[in-house]
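Data block below; observations after.
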Amino acid sequence: MQYSRFGRTDFMISAVGIGGLYANRVSNLPGLITEALDAGINTIDTASTYGLSEELFGEALVGCRDRFLVATKSIHRDFNVFCQTVYQSLQRLQMEYIDLYYLHDISTPADWKLVRDGGHYDFLKHRQKQGDIRWIGVSVHDLDTAELILSERDFDVIMLAYNLTEREPEVRIFDLAASLDLGVVVMKPFAGGVLTETRSQAYGLDIRAADALRFSLGHPAVHTVIPGISSLQELRTAVACGNQREILDMPTRDQLCQTAAFLGGVFCKGCGYCLPCPAGVDIPLLMQMHSRFRLYDQRNWQQVFQLRSDYEAASVSGDACVGCGECLKRCPYRLSIPDSLAELHQRLS
Ligand code: SF4
Ligand code: SF4
């Protein structure tokens, strides 16, 4: 496994970590943790909103907690709920302290204002002084907001998406993060799963997860990449990429991006932040269909035929949307969900 200095934390972090979104899908989490340790992985990332992930890691890390930099996050904007979540994370993880706590998904200036002025940031600073938290991070999906945040408050770590379809951090954030000596964590190396063998095929593409990871690890500003791990096979792919990490020159990065360029930068990543929908619409499912539809309409009738059949199989169709707008506030990619659902229904039903 390769390691690098994680910015001002001075921690020597492994090139890949365990993303904990799918911890509940892992059949033997303690076994997976043991294999990850043996392979040299020393960081785990979870969140208070990843189902039972914190509890599962809390149990699985008994006896080896000190061998990992453990990160978690809270997305809550209500100040009291946010504070409770921090205490709850300590309990669920069964830890006396959390290495890294993120203000999670601060992806609009309004979000930032809320947690900056609402006491959330100050609360984390206070808990840091009390020894509950070692370092403070911020996770962002919007780079304008990221620049604003970093110009106004001090953080130890930034987490952002950097993958074959999202390269803007190269020109907007990486130098800034280096100048502030921040740790840089890359989330969504597979763009929500699309940049993997199985899912890319649904888009008519041939993209390997290992190539996607190679790309995200290929920039020197990146300290660690945290793919969501749900099986030993995925862990082994990540370990192999972490072992073979190489800094890529620009032509090589450009070349790796060529296949994925067809996807464009803006498409549904299937992250699920838009949920729940009061009308019961499976928004990630239908929005990913819409992204495929946008690419293939009028160009590939075989794909559109398949989409029609997938759409018919969905339990709730797009016309169930009542236009409440709740999902619009939550989608970090600002996708126009109600309009897209209406278009999908009109064209595929
Ligand atoms: S706007 Fe439509 S899809 Fe979005 S949450 Fe409301 S009902 Fe659901
Ligand atoms: S619509 Fe937005 S929030 Fe919902 S799954 Fe897609 S990218 Fe994520």
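Does H223 satisfy being in contact with a strand residue (DSSP E or B) (Cβ under 6 Å, 6 or more places away or on another chain) and crowded, with 17+ Cβ neighbours inside 10 Å?
So H223 passes the test.
One line per residue, one yes/no per condition, for (1) in a strand (DSSP E or B); (2) assigned by TED's automatic domain parsing to the domain that holds G183; (3) more than 19 Å from K125 (Cα to Cα); (4) acidic (D, E):
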| position | (1), (2), (3), (4) |
| --- | --- |
| N24 | no, yes, yes, no |
| A47 | no, yes, no, no |
| Y50 | no, yes, yes, no |
| E55 | no, yes, yes, yes |
| R77 | no, yes, no, no |
| Y87 | no, yes, no, no |
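Which ones in the range 301-335 are surrounded by fewer than 16 Cβ atoms within 10 Å (Cβ to Cβ), more than 10 Å from ligand 1 (Cβ to nearest atom) and under 23 Å from the mean Cα position of the chain (by Cα)?
Across the range 301-335, the qualifying residue is only R334.
Being touching a residue at least 40 places away in the same chain (Cβ under 8 Å) and either surrounded by 17 or more Cβ atoms within 10 Å (Cβ to Cβ) or charged (D, E, K, R) (or both) is the filter here, so list the residues in the range 237-252 that pass it.
Matches in the range 237-252: A238, V239, C241, G242, R245.
Does the range 89-113 hold any residues that are crowded, with 18+ Cβ neighbours inside 10 Å and assigned to a helix (DSSP H, G or I), and which are they?
Those that are crowded, with 18+ Cβ neighbours inside 10 Å and assigned to a helix (DSSP H, G or I): S89, L90, R92, L93, D111, W112.
Can you name every residue in the range 164-189 that is within 21 Å of G228 (Cα to Cα) and either at pLDDT 95 or above or not in a strand (DSSP E or B) (or both)?
Once the filter is applied, which keeps residues that are within 21 Å of G228 (Cα to Cα) and either at pLDDT 95 or above or not in a strand (DSSP E or B) (or both), the range 164-189 yields L164, T165, R167, P169, G183, V184, V185, V186, M187, K188, P189.
For the range 188-231, how many residues are farther than 30 Å from L176 by Cβ and either aliphatic (A, V, I, L, M) or assigned by TED's automatic domain parsing to the domain that holds F305 (or both)?
Number satisfying all stated conditions: 2.
G192 fails exactly one of the following numbered conditions: (1) within 18 Å of V266 (Cα to Cα); (2) part of a helix (DSSP H, G or I); (3) in contact with a Phe, Trp or Tyr (Cβ under 7 Å, 6 or more places away or on another chain). What is the number of that condition?
Failing condition for G192: (3).
Okay, residues lined up against (1) exposed (fewer than 15 other Cβ atoms within 10 Å of the Cβ); (2) modelled with pLDDT of 95 or more; (3) under 25 Å from M12 (Cα atoms):
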| residue | (1), (2), (3) |
| --- | --- |
| A60 | no, yes, yes |
| D66 | yes, yes, yes |
| A71 | no, yes, yes |
| F123 | no, yes, no |
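Where in the range 283-349 are there helices (runs of 4 or more DSSP H), lying wholly inside it, with at least 1 residues that are touching a Ser or Thr at 6+ places or on another chain (Cβ under 8 Å) and more than 13 Å from ligand 2 (Cβ to nearest atom)?
301-313, 337-348
The values are calculated or read from the model by the stated rules, or taken from the named source; none is laboratory data. The shown structure was predicted, so the numbers you read here are calculated from the model rather than taken from an experiment. With ideal geometry, Cβ positions are generated from the backbone for all residues, glycine too; neighbour counts draw on all protein chains shown.
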